[in-house]
Each structure stands twice: as C-alpha cells, then as structure tokens.
Amino acid sequence: MKTINETIEKVYGNYPEKVLQFGEGNFLRAFVDWMIDKANRDGVYQGSIVLCQPIAQGLKDMINAQDGVYTLAMRGAENGKPVENIEVITSVSRCINPYEDYDALLELARSKDLEVVVSNTTEAGIAYHAGDRLTDRPPVSFPAKVTAFLYERYRAFGGDMDRGLLFLPVELIDNNGAELKRIILQYADEWDLGDDFVRWVNEANEFTSTLVDRIVTGYPRDEISYFEEKLGYKDNIIDTSELFNLWVIEGDQKWADRLPVHKTDANVIWTDDVKPYKKRKVRILNGAHTSTVLAAYLAGYDIVGDFMKDDTVRTFMNDVIYKEVIPTLDLPKEELESFAAAVNDRFANPYIKHKLLDIALNSCSKFNARCLPSLLGYAETKGELPKCLTFSLAAFIKFYQGRMENGVYTGTRKDGTQYQIRDDEAVLNFFAEIWKNGDADAVAEAVLSNTDFWSGRDLTEVAGLKDAVAGYLKEMETKGTKEIMAELI
C-alpha cells in the first residue's frame, strides 16, 4: 500500500514558513494545524507551519518521512447521529529537533517570514529552570529556549520593532501567555541581555493567554485496518479527534490578522478577557461531568455515552446545566445554551469511550472548583438550594464511602461492583475514617465542615445544606441513586 505522501499532493506546506510550533503531538496537529490548514484552504491565509520538538524524543522522523502530510479524522454525534469527517492536513512544511540541530531553530529566529509562535509543551512546560544559559544548545526549559530564540531575532534585525512575534501558547495553565512572558523576562534579567532587549520583548511582541477545548483521541491504534481500507493509503501519524473545537484568545485585536483563523468557521474567539469563557467551560462542561458521573456510576453506569442514553440521568444532567448552572453565569443566555447543547452532543459521542472512574479521579478538588461555585451562586441568587447540585454533593460523598486496605481505598456500589477511589492520600484517609461510623448526619457534618476541601469555607454555614445532604445520604441507603434522580427532575 502506498504512503499518504505518495498519494496526496502537499498543497499548502510550500507556503512561506510563517508559524513556528513548539510541539508536534496529537493535540496541536488536530487543533491549531487543522485550523491553519482550513484558513489556507479558505483563502484567508498563505502560510505553512514548522514543527519543533520541545523534547529530545518525538515524531520528527515520522513527520518528515511523510513530508509533513497527515490525516485527521474528526468524529462525533450531531442530532443524535454518528458523524465522521476526514481531512488531509498539508500545511506543515517540516519538523525540526533542536536537540539534534539547534542551528535550524536559530535560523528560524532570523527568518523574515516568521510571524507567529504556537506552543503546547504540557502544563509543566511553562516553568523556570535554574541553571539554563544563553549559550546552551538548547537550554532545558521551554521559556529559556524562547528567550534565546527572541534574543537571536532581536540581534538579527537590530531591534526592529516590526519584527516582533505573536505568541499563542495553549498549555493548560491560567494566564499561559502572561506566565510565559514573565519567565522570559526573568531569564533576560538573569542573562543580562540589556534594557533595550527587554523593551523590545515588551513592546514588539504579543503574548496572548488562550483557552482551548477539543478532545483529541490521537492515533487510532485499534482501527488502523479500517482507516487504511477507507483511505487507500498508509498514514503512520493519522490523528483523531471529536468534532467540537473552541479556541479563545485573549489579546490585542490588532494582532488577530497575523493568524486569521478566526475568519473561518473554526470557532475562534478573540477577546480582551478569557475569564468568562473559562468559567463557562469549567462550570458547564467540567461541571456537568463532575455533578453527574459519580451519581451515574452509583446507578450502575460505567461509560459516559451509556448514561447519555438513559432519559433519567441525561435529564438530571441537563437540569443541572440549564436550571442551576447557567443562571449563575454572566455571558449571554443564548451563547451559554448553545455551548450546553454542544456538551450534550460531545458526551453522546459514540467514538469516545470515556470511563466514569477515570473522570472520578480527584473528585474532591474537582467538585470544589467545578460545582461548588454554581451551588453557592444559585443559593445566593435564588435564596434556596439547587436540588440537583445538592444531590450531586451527596452522591460525591456516597461515592467516597469505602474501606482502606494496603493503601488502596475501595468502594462498593449496590450491584456489588467494587471500585478503587483515587484521590490525594489525605482525602482518602479522611473519608476512610468518617465512614467507619456510617451515620449520615455525622458524615455530612464532617465533610461540609472540612475547610481544607472547600477553599477555607465551612459549608455547614450554608442554610439548610447539611440537613439536605444528610437527607440524601439516608435516602441512598434504601433507594437506588437513579430512583432519587428521577424524583428530582
């Protein structure tokens, strides 16, 4: 069978190399590179992407063997029906490994075509590393590499203010652009690169903070025969993802046309404040997960897609979203409800088998971050407790009922299935101790008054919450979880 680059013409990868991308993995190739390819295809952009491995081991050889060309299969559900969209991405020019050829990276720093830097170096990537030096080839940390890269560019163009770059980091940390810039300036000071360079970094470059949202399932190892038969060629770096995507970019609008992906239908938003969109994602998408999956697991389900087929559980989740979460958010109601509708399609995706026990990892901190603000916001606004979120809190506590043996904390649901409860050691030890007694009132009192769980707040001070949670815990001793959910909707 022929390879993809023997079959498919490389259409856009021969455009000027305008984008440098630190990260050649599945996510960026299914997210940013797909968007750039779409912009090229729609005629609103003419630029190719140079991929750069952020670590010594990576996909450089495999990518270059295919001349940068690869397949992206985007799959999901629309209006309850499975959908599979397949596109070939041809906008990658090449991939470099700075650990093998550092000069190739520095050569890009001197390029007149370069305008944009994208990165995804994992959450730990945007971090300071003591001991990095300008003379290292390359420095260890990603911010140190960027500092050296920018200094090379600054010198090559004599500090020309028109040769600055647009930075679009997608690492999953708060204020990712601002944090990258902060560490770059720290290295600039430590390396004594001078006030003029610092001024150029500050004034000639734009460091945006971004929010990304797309589930990327990567290389479909178990379905390669299916794809090869369907496509008629061999692709060693084929990528897969869900249909949904969102990129919110917080930055000066004057930089937007440097990478005009927002001019396509790729769902890219430029804004002066990313926080409302992050809150929307955390409260609706992540909140729907955390508020529903523990109760759904106790009701006998193991996979998200399966509980979405159950009218009771799905309606409970939507009552949480539409009736209890959305009223606490600031964005336009129509926009929030559109996002919520997309959540339903994403959870019902037949191509993704998302295990509830995987989502349940570290649910204590997740409930605090994702669900509690909605619960408290609703109570404050409406003057009463939200029924479904309050039950979700009780279901979380019930899910954490177990016994500790040899350092493993194990729970048992009503059908006899045993499951491992995974969280921080201190959290597990706390629940193991309070559930020894098993008295619902005492358990509710202990959990809600544990200020370490709730960012310093004592939840027993929330009117009626302790009694409501204790009441649900008592009900779950005699009733099925699904039966209680049916009564709430």
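The values are calculated or read from the model by the stated rules, or taken from the named source; none is laboratory data. This structure is a prediction, so every number in the text was calculated from the model and none was measured. Cβ coordinates were reconstructed from backbone atoms using ideal geometry, including for glycine residues, and neighbour counts include every protein chain displayed. To get the accessible areas, we keep the full protein, side chains included, count just its heavy atoms, and leave off ligands, DNA and RNA. Shrake-Rupley method; radii C 1.70, N 1.55, O 1.52, S 1.80 Å.
Would you confirm whether or not region 457-475 contains a residue that is within 13 Å of Ala395 (Cβ to Cβ) and acidic (Asp, Glu)? Within region 457-475, one or more residues are within 13 Å of Ala395 (Cβ to Cβ) and acidic (Asp, Glu).
Taking Ala341, is it surrounded by fewer than 15 Cβ atoms within 10 Å (Cβ to Cβ), among the aliphatic types (A, V, I, L, M) and under 30 Å from Asp273 (Cα atoms)? So Ala341 fits the description; yes. In region 403-489, counting only helices (runs of 4 or more DSSP H) that sit wholly within it, the ones holding 2 or more residues that are exposed (fewer than 13 other Cβ atoms within 10 Å of the Cβ) and either in contact with a His (Cβ under 8 Å, 6 or more places away or on another chain) or not basic (Lys, Arg) (or both) span 425-434, 465-478. Of all residue pairs spaced 6 or more apart or on separate chains, those with beta-carbon atoms under 6 Å, a first member in region 469-489 that is among the basic types (Lys, Arg) and a second member that is in a helix (DSSP H, G or I) and surrounded by 15 or more Cβ atoms within 10 Å (Cβ to Cβ) are Lys474/Ala440; Lys482/Thr312. Any residue in region 287-302 that is within 27 Å of Leu331 (Cβ to Cβ), over 15 Å from the mean Cα position of the chain (by Cα) and in a strand (DSSP E or B)? No; the residues of region 287-302 include none that is within 27 Å of Leu331 (Cβ to Cβ), over 15 Å from the mean Cα position of the chain (by Cα) and in a strand (DSSP E or B). Condition (residue is open to solvent by 10 Å² or more (accessible area, probe 1.4 Å), among the aliphatic types (A, V, I, L, M) and under 26 Å from Gly25 (Cβ atoms)) applied to region 260-267: is it met by at least one residue? Looking through region 260-267, none of the residues is open to solvent by 10 Å² or more (accessible area, probe 1.4 Å), among the aliphatic types (A, V, I, L, M) and under 26 Å from Gly25 (Cβ atoms).
Restricted to region 216-247, and to residues there that are basic (Lys, Arg) and over 11 Å from Ala73 (Cβ atoms), the residue that is most open to solvent (accessible area, probe 1.4 Å) is Arg221.
Just one of the listed residues (Tyr400, Tyr322) is without any contact (Cβ under 8 Å) to a residue 60 or more places away in the chain and buried (at least 20 other Cβ atoms within 10 Å of the Cβ), and it is Tyr400. All conditions but one from (1) open to solvent by less than 70 Å² (accessible area, probe 1.4 Å); (2) in contact with a strand residue (DSSP E or B) (Cβ under 9 Å, 6 or more places away or on another chain) apply to Tyr102; the one that does not is (2).
Among the candidates Ser363, Ser392, the residue that is under 19 Å from Met317 (Cα atoms), surrounded by 22 or more Cβ atoms within 10 Å (Cβ to Cβ) and at pLDDT below 95 is uniquely Ser363. The residue pairs whose first member lies in region 426-444 and is closer than 18 Å to Asp458 by Cα, whose second member is surrounded by fewer than 14 Cβ atoms within 10 Å (Cβ to Cβ) and among the aliphatic types (A, V, I, L, M), and whose beta carbons are closer than 8 Å, counting only pairs six or more residues apart or on different chains, are Ile434/Ala442. Annotation: of all residues in region 305-341 being more than 16 Å from Ser392 (Cα to Cα) and among the β-branched types (Val, Ile, Thr), the one that is modelled with the lowest pLDDT is Thr328. For region 32-52, taking the residues that are surrounded by fewer than 21 Cβ atoms within 10 Å (Cβ to Cβ) and not aliphatic (A, V, I, L, M), the one that is nearest to the chain's Cα centre (by Cα) is identified as Lys38. Residues in region 325-349 that are more than 27 Å from Val83 (Cα to Cα) and touching a residue at least 40 places away in the same chain (Cβ under 8 Å): 7 in all.
When region 96-120 is filtered for residues that are outside any helix (DSSP H, G or I), of a type outside the set (Ser, Thr, Tyr) and closer than 15 Å to Arg163 by Cβ, the ones remaining, listed by number, are Arg110, Lys112, Asp113, Leu114, Glu115, Val116, Val117.
Across region 327-355, the number of residues qualifying as of a type outside the set (Phe, Trp, Tyr) and touching a Ser or Thr at 6+ places or on another chain (Cβ under 9 Å) comes to 4. Scanning region 136-167 for residues that are open to solvent by 50 Å² or more (accessible area, probe 1.4 Å) and closer than 12 Å to Leu106 by Cβ yields a total of 3.
Picking from residues in region 113-124 that are open to solvent by 10 Å² or more (accessible area, probe 1.4 Å) and touching a residue at least 24 places away in the same chain (Cβ under 8 Å), the one that is farthest from the chain's Cα centre (by Cα) is Asp113. Checked against (1) more than 29 Å from Arg280 (Cα to Cα); (2) surrounded by 14 or more Cβ atoms within 10 Å (Cβ to Cβ); (3) modelled with pLDDT under 95, Phe197 passes all but a single condition, namely (3). Taken over region 74-92, the criterion of being in a strand (DSSP E or B) and crowded, with 21+ Cβ neighbours inside 10 Å is satisfied by Met74, Gly76, Ala77, Ile89, Val92. Cβ-Cβ distances below 6 Å connect the following pairs, each with a first residue in region 46-62 that is closer than 14 Å to Glu100 by Cβ, a second residue that is open to solvent by 50 Å² or more (accessible area, probe 1.4 Å) and not in a strand (DSSP E or B), and a separation of six or more residues or different chains: Ala56/Tyr99. So how many residues does region 345-404 have that are among the basic types (Lys, Arg) and more than 23 Å from Val443 (Cα to Cα)? So the count comes out to 4.
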